[in-house]
1. Could you tell me which residue of segment 101-111 is surrounded by the most Cβ atoms within 10 Å (Cβ to Cβ), considering only residues that are within 20 Å of the chain's Cα centre (by Cα) and either more than 25 Å from Arg195 (Cα to Cα) or hydroxyl-bearing (Ser, Thr, Tyr) (or both)?
2. Take the residues of segment 180-211 that are in a strand (DSSP E or B) and closer than 15 Å to Val165 by Cβ: which is least open to solvent (accessible area, probe 1.4 Å)?
3. What tally of residues in segment 128-173 results from selecting those that are within 20 Å of Thr223 (Cα to Cα), of a type in the set (A, V, I, L, M, F, W, C) and modelled with pLDDT under 75?
4. Sort out which residues of segment 212-228 are farther than 15 Å from Leu99 by Cβ and either outside any loop (DSSP other than H, G, I, E, B) or among the small types (Gly, Ala, Ser) (or both), and write them in order of number.
5. Could you tell me which numbered condition Val27 fails, if it satisfies all but one of (1) of a type outside the set (S, T, N, Q); (2) surrounded by fewer than 19 Cβ atoms within 10 Å (Cβ to Cβ); (3) over 34 Å from the mean Cα position of the chain (by Cα)?
6. If you check Trp146, Trp138, which single one turns out to be out of contact with any Phe, Trp or Tyr (no Cβ under 9 Å at 6 or more places or on another chain), open to solvent by less than 80 Å² (accessible area, probe 1.4 Å) and of a type outside the set (A, V, I, L, M)?
7. Given the options Val70, Val130, name the one that is β-branched (Val, Ile, Thr), open to solvent by 60 Å² or more (accessible area, probe 1.4 Å) and within 30 Å of Pro184 (Cβ to Cβ).
8. Could you identify the single residue in Ala78, Ala159 that is without any contact (Cβ under 8 Å) to a residue 12 or more places away in the chain, assigned to a loop (DSSP other than H, G, I, E, B) and either surrounded by 15 or more Cβ atoms within 10 Å (Cβ to Cβ) or among the small types (Gly, Ala, Ser) (or both)?
Amino acid sequence: MKLDRLPFFAAVVETGSFTRAAERMGVTKAVVSAHVARLEEELGTALLLRTTRKVTPTPEGMMLHERCRVILQEAADAEDELSHSRDEPKGLLRITAPLDYGQSVLVPLVARFRAAYPACKVALDLTDQVVDLQTGQWDMSVRLGWLVDSSLKSRRVGAFSQYLVATPALLEALGPIRTPHDLPALPFVANSALREPAVWDFAGAGAEDVRVRFDPVVTMTTTPAVLT
């Protein structure tokens with residue numbers, strides 16, 4: 001027995017007519033008739049007595065209607081509960097994110113989230129290691145960088161910019177930097193969290209794009225460390 005036929009059968013019993021049942025369900029009379037006929041075939045018994053004036057349930061049909069009325073009510077209650085839970089989230093939200101980004105951006109957002117949804121709890125795991133969400137230990141991951149091929153769903157929530165900086169003392173000691181071609185001679189500190197830490201592309205108005213490959217003297221795993 002296919003349970004999706006039960007609403008059509010119940011509508012016929014409760015309205016006493018295939019036509020009125022079709023109007024209630026928002027379908028054609030033929031659709032209702034087909035579902036009821038297939039339900040009778042699947043159960044191997046007649047459920048309705050059909051006359052030119054009205055349709056009445058057989059004893060078997062009355063018994064099934066009492067059962068399916070409970071089933072349909074339970075389904076409706078379950079749908080209401082799910083809808084309510086979507087309107088008012090609750091439970092544990094497990095998030096993993098980079099250390100520096102998590103501390104500066106996500107921690108304040110977690111506080112706001114908890115204020116908006118007090119029935120929710122949050123477990124925020126801050127690590128610069130890329131984790132595998134398919135292990136089931138986290139519900140979502142916030143990461144900075146370029147998306148790799150994945151079967152996971154992703155959404156862009158922001159953007160970041162990269163800046164090449166140096167201290168005034170270093171620039172004074174090394175002399176003027178006129179073009180990107182002068183950069184590889186500088187002592188370079190690389191951020192290994194980037195996709196290509198030692199490769200930078202420069203573009204200027206009216207000038208050709210230049211790709212510069214540095215030879216890092218120091219490599220670090222976090223942006224704050226590189227900046228320091």
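The values are calculated or read from the model by the stated rules, or taken from the named source; none is laboratory data. Source: prediction; values computed, not measured. Don't worry about glycine lacking a Cβ; one is built from the backbone with ideal geometry, like all the others, and counts go over all protein chains shown. Just the protein is used for accessible areas: all its heavy atoms, side chains included, with ligands, DNA and RNA removed. Shrake-Rupley method; radii C 1.70, N 1.55, O 1.52, S 1.80 Å.
1. Out of the qualifying residues, it is Val110.
2. Taking segment 180-211 and keeping what is in a strand (DSSP E or B), we get 188-191, 199-202, 210-211.
Now narrow it down to the ones that are closer than 15 Å to Val165 by Cβ: 188-191, 200, 202.
Numbers: Phe188: 16, Val189: 55, Ala190: 1, Asn191: 20, Trp200: 34, Phe202: 50 Å².
Within segment 180-211, the match that is least open to solvent (accessible area, probe 1.4 Å) is Ala190.
3. Residues in segment 128-173 being within 20 Å of Thr223 (Cα to Cα), of a type in the set (A, V, I, L, M, F, W, C) and modelled with pLDDT under 75: 3 in total.
4. The initial filter retains those residues of segment 212-228 that are farther than 15 Å from Leu99 by Cβ, namely 212-219.
Listed by number, the residues that qualify are Val212, Arg213, Pro216, Val217, Val218, Thr219.
5. Only one criterion is unmet by Val27, namely (3).
6. Numbers: Trp146 fails: open to solvent by less than 80 Å² (accessible area, probe 1.4 Å).
None of the others qualify; the one that does is Trp138.
7. Details: Val70 fails: within 30 Å of Pro184 (Cβ to Cβ).
Checking each option against the conditions leaves just Val130.
8. On the way: Ala78 fails: assigned to a loop (DSSP other than H, G, I, E, B).
None of the other options fit; the residue is Ala159.
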